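Each reported figure results from applying straightforward, stated rules to the coordinates on display, with no laboratory input. If you're wondering where the values come from, they're calculated on a predicted model, not measured in any experiment.
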Amino acid sequence: MNTNKIIPIFFATDENYVPFLAVSMQSMLSNASKEYVYKIYILNNGLKEENINKLNQYNSNNVSIEYVDVAKRMAKIGGKFHTRDYYTKSTYYRIFIPNMFPEYDKALYLDCDIVVLGDISKLYNTNIGDNLLGAIPDEAIATVPAFQSYANRALGIATDKYFNAGILVMNLAGLREMNFESVFVDVLSRYKFTVAQDQDYLNVICKDRVYYIENVWNKMPIGDMVVAEEDLMLIHYNLNDKPWKFDNVKYEKYFWQYSVDTDFYQEILDFKSNYTIEKQEKDLVNGQNLQVMALNEANSELNYYNLYVKNADKKVDLMDLCFDNTSVSADSDIENVVMINGEGCI
């Protein structure tokens, strides 16, 4: 087999998201070039055999699927991962990819709440140079004022440079070289991001080493960035814009177009019919609370920007600060933070 023709693609899921993963895979493989072999790795912490059997139907001459249990690697890190609302620990699985797969120097990571309309090999073949990641600016950040403030004032990242971590071209060789997994865990233990969690960590760690890709490869229903439908390559049903929860979601026709061809179609229909108004209202409240949280952290004296970025000219570096592995965030008690030689210590 010509290894130059192999495209490694990673998804991360738990049991709840398997039906939507199937839609993602159905759409991706329906539009993928037959010139490549697609090695699909599904990062998980245990899946039902019946679901594995359904997903295995996508195996073919040029598609192979492997299930990778990351429970042991997660256990080693313990309780440092932060989750809230609809986020689960599966969102962190992508950090293990570089070290777990040393045979690859490049790979794709894709979220499960997507529909792929273009040839995924074109995304993989994007030349990102020596950057750590190829990614697309996040339309939610660009659209919502509270999120704009958060990116600028809490993270120190320009709105048009804050990327969405759901679609990534990963320079695995470069990430291994900078010891990415260890750096990620170290930052995780020092600072608690509460808004976009793993995505925030990726943005601050990889800042200035990101190649920005056209938004046709991560088009969200939110916002007013106009893309001709014939140019759309990938739809990302981010945040609350999920057709299996709400009606009249922009671009929902593509989701239903591909879901009907999966073995999970009836399960998805049942899920939506049982998604009550109360659940929808809770999602909307959570979305509003997220904006409040973003503004609170943007205005905090103890946010990441104020602790680490603003003091860069004083040679205060993230890895040199004397935190004792106790996380600090915008909701930390300011009276418990003292300054020693310009360095924040708990």
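When the chain is fully extended, how far beyond the present Cα-Cα distance does Ala228 get from Ser30, taking 0.36 nm per residue of separation?
Values: separation 198, 0.36 × 198 = 71.28 nm, distance 2.07 nm.
Gain on stretching Ala228 to Ser30: 69.2 nm.
Distant-in-sequence amide contacts of Phe163, defined by a placed amide H-H separation under 5 Å and a gap of 5 or more residues or a different chain, comprise Asp138. You can think of it this way: the chain between Met178 and Gln288 has 35.9 nm of extra reach, that is 0.36 nm per residue less the Cα-Cα gap.
Kirkwood hydrodynamic radius, computed over distinct alpha-carbon pairs, for the range 169-283: how many Å, to one decimal? Present the calculation step by step, with values, prior to reporting the outcome.
Values: mean 1/r = 0.0576 Å⁻¹.
Hydrodynamic radius (Kirkwood, Cα only) of the range 169-283 equals 17.4 Å.
Each residue of the range 230-238 is assigned a 3J(HN,Hα), and the resulting list reads 5, 9, 5, 10, 7, 9, 10, 7, 7 Hz, derived from the Karplus form 6.51 cos²θ - 1.76 cosθ + 1.60 (θ = phi - 60°), x at Gly and Pro.
The string of couplings for the range 213-226 from the Karplus curve (6.51, -1.76, 1.60, θ = phi - 60°) is 9, 4, 6, 5, 9, 7, 7, 9, x, 7, x, 10, 6, 7 Hz, one whole number per residue in order, with x for Gly and Pro. Phi angles across the range 249-265 convert, under the Karplus curve 6.51 cos²θ - 1.76 cosθ + 1.60 with θ = phi - 60°, into 3J(HN,Hα) values of 6, 4, 6, 5, 4, 6, 4, 6, 4, 8, 5, 5, 8, 9, 7, 10, 4 Hz, Gly and Pro given as x.
In the range 103-143, the inverse of the mean reciprocal separation of distinct Cα atoms equals 12.4 Å; this is its Kirkwood hydrodynamic radius.
Taking amide H positions as modeled 1.01 Å from N, with prolines and chain starts lacking one, the residues under 5 Å from Ile7 and 5 or more places away or on another chain are Val37, Tyr38, Lys39. Centroid-to-centroid, using Cα positions, the range 187-201 and the range 9-63 are 28 Å apart.
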